Amino acid sequence: MLNRRFLRIKVLQALYAYIESGEENVSKGVKHLLESVDKLYELFIWQLSFLVETKRFAENKITENKHKYIPKYEDLHPNTKYVDNRLLNALENNIDLRKLESEFKISWGAESQDVVKNYYNIMKDSPEYKKYMTDKVDNFQADKKFIVTMISHYFADLDVLQDFYEDKSIYFCDDYHLVSSLLVDYLGKVKNFDPSTKLPTIYKTDTAEANADENFIQELFRETVSHNEEFGKLIADNTNNWEKERICLMDMIILKMALTEFVCFPFIPVKVTMNEYIEISKYFSTPKSKIFVNGILDKLAKKLTEAGKIDKKGLGLLEK
């Protein structure tokens, strides 16, 4: 499920926490990294389950409104387009999701209904919801597009939901926005979905590739730590008008990770590495970081190549 960019982000976060904590045991750092990837996936499942719970909440509201003492016409003849949403219904009946909900002990009891209600009210008041509920287009793609739009536009500001997850796990708080991106990426690519559809796994399903991904993040973490001083000096020596202390920690880690890939990962092309870390810098560092990271990596890639320290072995892992 996690493409290489998301895996790099997890390593970046783990390295940041490792450095900030003053930890010196690399094995502990790697263990924390692997745990954080596992928790990222668990939160992904929680969020899929949350989407289903919003549908159930809407169904309950419809039932309650029908049983009002003096129901209105719209109470007796409700618009059921949301509760009939094909993607949400397929998720609700999905065998994999049910299994994982049980495995992770996911439950939306009475104590969590205020969280669901908060989102439901925001959704109902949104222009996207009003358009969706009255749109004559009624198919799976339209249903999916609405869900993806709501995640993209509104999940970031759901403080009540974020607080709810923070009480579940400190990892959930760190990964909330990253998981929202994962949901948009995954659901946006889904062409059809039914109860038997297999949910994505943490790593690729092929055993060899799964092992390669897990080994990749461990090696990237270890090698970046191992070359920390060397690459720190290299960066400082090649940043004109910048003192090492003036470069923000996140930028330094991003640069060191990229240099690690240049030197220690012969099957990852330099261009792929540069593109990945330039993109990552847009979201995890300062507004000017993209230009800074691009300039420094371009300069150092040329210098290391001329020095014979970058030796790539063919096309390699072109996937981002």
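No value in this document is a laboratory result; all are computed from the given coordinates. Quick caveat, the model's predicted, so the values are computed rather than measured. Positions of Cβ are generated from backbone atoms using ideal geometry, with glycine treated the same way; all protein chains shown enter the neighbour counts.
What pairs from 39/204; 124/145; 233/290; 99/198; 81/144 go past 19 Å between their alpha carbons? Distance filter (> 19 Å) returns 233/290. Computed over the chain with a Gaussian network model linking Cα atoms closer than 10 Å, the most mobile of 208, 58, 17 is 208. What range in the chain is the longest one free of GluC sites (Glu not before Pro) that are in a loop by DSSP and have at most 12 other Cβ atoms within 10 angstrom? Within the chain, the longest run free of exposed GluC sites (Glu not before Pro) spans 25-242. Projected label points at residue 160 and residue 28, each 7 Å from Cα along the beta carbon direction, are separated by 3.9 nanometres.
Compared with the dominant principal axis of the Cα atoms in the chain, helix 140-154 is inclined by about 60°. What's the longest piece of the chain with no exposed chymotrypsin sites (Phe, Trp or Tyr not before Pro), counting a site as exposed if DSSP puts it in a loop and it has at most 16 other beta carbons within 10 Å? It runs 105-241.
Given the choices (i) -0.75; (ii) -0.56; (iii) -0.67, log10 I(q)/I(0) by the Debye sum over Cα atoms at q = 0.10 Å⁻¹ derived from the coordinates of this structure is entry (iii). Backbone phi angles across segment 175-188, fed through the Karplus curve with coefficients 6.51, -1.76 and 1.60 (θ = phi - 60°), yield HN-Hα couplings of 9, 3, 6, 5, 5, 4, 5, 5, 4, 4, 5, 5, 5, x Hz in residue order; Gly and Pro are listed as x.
Rounded to the nearest 500 deg cm²/dmol, what is the calculated helix-only ellipticity per residue at 222 nm for the chain, with -39500 (n - 2.57) per DSSP H run of length n ≥ 4? Walk me through the numbers on the way to the answer.
Details: 15 runs with 224 residues, N = 320.
Calculated mean residue ellipticity at 222 nm is -23000 deg cm²/dmol.
If you average the C-alpha positions of segment 2-78 and of segment 158-189 separately, how far apart do those two centres end up, in angstrom? After rounding, the separation between the Cα centres reads 4 Å.
Taking R0 as 56 Å, what's the FRET efficiency between residue 19 and residue 136 from their Cβ-Cβ distance, rounded to 0.05? With a Förster radius of 56 Å, E is 0.55. In µm²/s, what is D for segment 4-189 at 10 °C and 1.306 mPa s, where D = kT/(6 pi eta Rh) by Stokes-Einstein and Rh is the Kirkwood radius from Cα pairs? Calculated translational D: 87 µm²/s.
Taking the longest Cα principal axis of the chain as reference, the axis of helix 270-284 is set at about 50 degrees. How about residue 68: which aspartates and glutamates have a C-alpha closer than 16 Å to its C-alpha, ignoring those fewer than 8 places off in the same chain? Within the straight-line cut-off, residue 68 pairs with 59. Against the main long axis of the alpha-carbon atoms of the chain, helix 289-306 sits at an angle near 40°. Compute the Rg/Rh shape ratio of segment 227-306: radius of gyration over Kirkwood radius, all on alpha-carbon atoms. Checking Rg against Rh, the ratio lands at 0.92.
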